[in-house]
There are 2 protein chains.
Amino acid sequence: MQPVGSPAPSESRSDDLAAWGSVRDRLRERGLRWTPQRRALVAVLSQTRGHVTGADLVERCREQDPSTIPSTVYRTLDVLEELGIVRHGHGPDGREEYHVLPDAEHGHLHCRDCGAAWEITAEEGASIVATLEAARGFAVDLSHVTIVGRCRACR
Amino acid sequence: MQPVGSPAPSESRSDDLAAWGSVRDRLRERGLRWTPQRRALVAVLSQTRGHVTGADLVERCREQDPSTIPSTVYRTLDVLEELGIVRHGHGPDGREEYHVLPDAEHGHLHCRDCGAAWEITAEEGASIVATLEAARGFAVDLSHVTIVGRCRACR
DNA sequence: GTTTCTGCAAATCATTTGCACCTGA
DNA sequence: TCAGGTGCAAATGATTTGCAGAAAC
């Protein structure tokens, strides 16, 4: 299993270009605009796998275009979240964290020592969900779950 | 099961007075001082069950003594955490959150709708720990686990 | 021509830090 | 005495907001 998110280098997602291409139309369907700034953020997101903080995204956008304004990025993230294109949760440090194109609901594992992060697989997640569902009828929102601990390598 | 923390009214913990009384000595053993400000925070903590944010504690201290200074509270919390008297994690909103006198390592459940919070029981926690341990050798730090979802009542 | 954005600057807000003065042991 | 603490004020740093002008459709 590969770590995801900031500790690991981002990988391109050319296989998802079709999905990203539809963003423009999805915006328009709702009477929203397809602006250069939004295009830029979507371009950055399309190169991103796993999860990133808002500040990360601001920085990556700024690498492409130094004139990027943070508030625009955050506002665009809000819009993209409404479209279901990103989703936000919280990292182990309590920092806001966005994850991209949630193919499936998943939580995150975060190693306290090396800082690497992994996605919790569907099976692992199912076990957690089932436990709390059975014990007290609690409906877990897996996409907000972040579990901290130490990974195999660091133990 | 009763909700814990801010959404529920705090209950006194007179049964733990002995444990709180030892704080003074525990500080002195390390060459640290027992000051009025620390006494005040410990008094507030002894009236607290479950988890609270740092800002909450500052406010509660200020109710007792309006001259309370936030930085002193935070610094004292750091010290108390080193003594193992409180422990900090993060709430579903990413806010710093302290929990008090962790009798046992436990995580938290947080209802997205009503905002109530519960402790994850030892058995439930064990199930989660075991799942991730078996699947990938990951050592979960239960005290940092906060799971968001919807409680039975809100579904 | 509207309605939605953007840029900018200023505001939040919990938490942290630097530093000179105070105080508990 | 003197290391450890406190008060105060200013710094942080991510995220948000108000608003006037700019751009998309």
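The values are calculated or read from the model by the stated rules, or taken from the named source; none is laboratory data. Values in this document were obtained by computation on a predicted structure and should not be read as measured data. Here the Cβ is made from the backbone with ideal geometry for all residues, glycine too, and neighbour counts use every protein chain on show. When the accessible area is computed, the model is the full protein with side chains, heavy atoms only, and any ligands, DNA or RNA have been set aside. Shrake-Rupley method; radii C 1.70, N 1.55, O 1.52, S 1.80 Å.
Any chance you could count how many residues in the range B:140-155 are modelled with pLDDT of 75 or more, open to solvent by 30 Å² or more (accessible area, probe 1.4 Å) and at the interface with another protein chain (Cβ under 7 Å from one of its Cβ atoms)? Step through it out loud before you land on a result.
We begin by selecting, within the range B:140-155, every residue modelled with pLDDT of 75 or more; these are B:140-142, B:145-154.
Filter once more, so that each one left must be open to solvent by 30 Å² or more (accessible area, probe 1.4 Å): B:150, B:152-154.
Keeping just the survivors that are at the interface with another protein chain (Cβ under 7 Å from one of its Cβ atoms) gives B:150, B:152.
Number satisfying all stated conditions: 2.
So, residue A:64, is that one open to solvent by 10 Å² or more (accessible area, probe 1.4 Å), in the same structural domain as residue A:22 (by TED's automatic domain parsing) and more than 14 Å from the chain's Cα centre (by Cα) or not? Quick ask: steps written out before the conclusion?
Working: open to solvent by 10 Å² or more (accessible area, probe 1.4 Å): yes; in the same structural domain as residue A:22 (by TED's automatic domain parsing): yes; more than 14 Å from the chain's Cα centre (by Cα): yes.
It is true that residue A:64 is open to solvent by 10 Å² or more (accessible area, probe 1.4 Å), in the same structural domain as residue A:22 (by TED's automatic domain parsing) and more than 14 Å from the chain's Cα centre (by Cα).
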* Can you find a residue in the range B:24-33 that is open to solvent by less than 40 Å² (accessible area, probe 1.4 Å), at pLDDT 90 or above and away from DNA strand C (no atom under 12 Å from the Cβ)? -> no
* Structure fact -> Note: among B:58, B:44, just one is closer than 18 Å to residue B:24 by Cβ, among the hydrophobic types (A, V, I, L, M, F, W, C) and away from chain A (no Cβ under 14 Å), namely B:44
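Looking only at the range B:37-96, filter to residues that are acidic (Asp, Glu) and touching a residue at least 40 places away in the same chain (Cβ under 8 Å); which one of those is nearest to residue A:146 (Cα to Cα)? Show your work before the answer.
Within the range B:37-96, the subset acidic (Asp, Glu) is B:56, B:59, B:63, B:65, B:78, B:81-82, B:93, B:96.
Checking which are touching a residue at least 40 places away in the same chain (Cβ under 8 Å) leaves us with B:56, B:96.
Details: B:56: 24, B:96: 15 Å.
The residue in question is B:96.
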* Specify the residue that is nearest to the other protein chains (Cβ to nearest Cβ); the eligible residues are those in the range B:115-129 that are within 16 Å of the chain's Cα centre (by Cα) and open to solvent by less than 20 Å² (accessible area, probe 1.4 Å). => B:120
* To do: Kindly list the number of the only condition in (1) more than 16 Å from DNA strand C (Cβ to nearest atom); (2) open to solvent by 10 Å² or more (accessible area, probe 1.4 Å); (3) closer than 27 Å to residue A:112 by Cα; (4) more than 8 Å from chain A (Cβ to nearest Cβ) that fails for residue B:71.
  => (1)
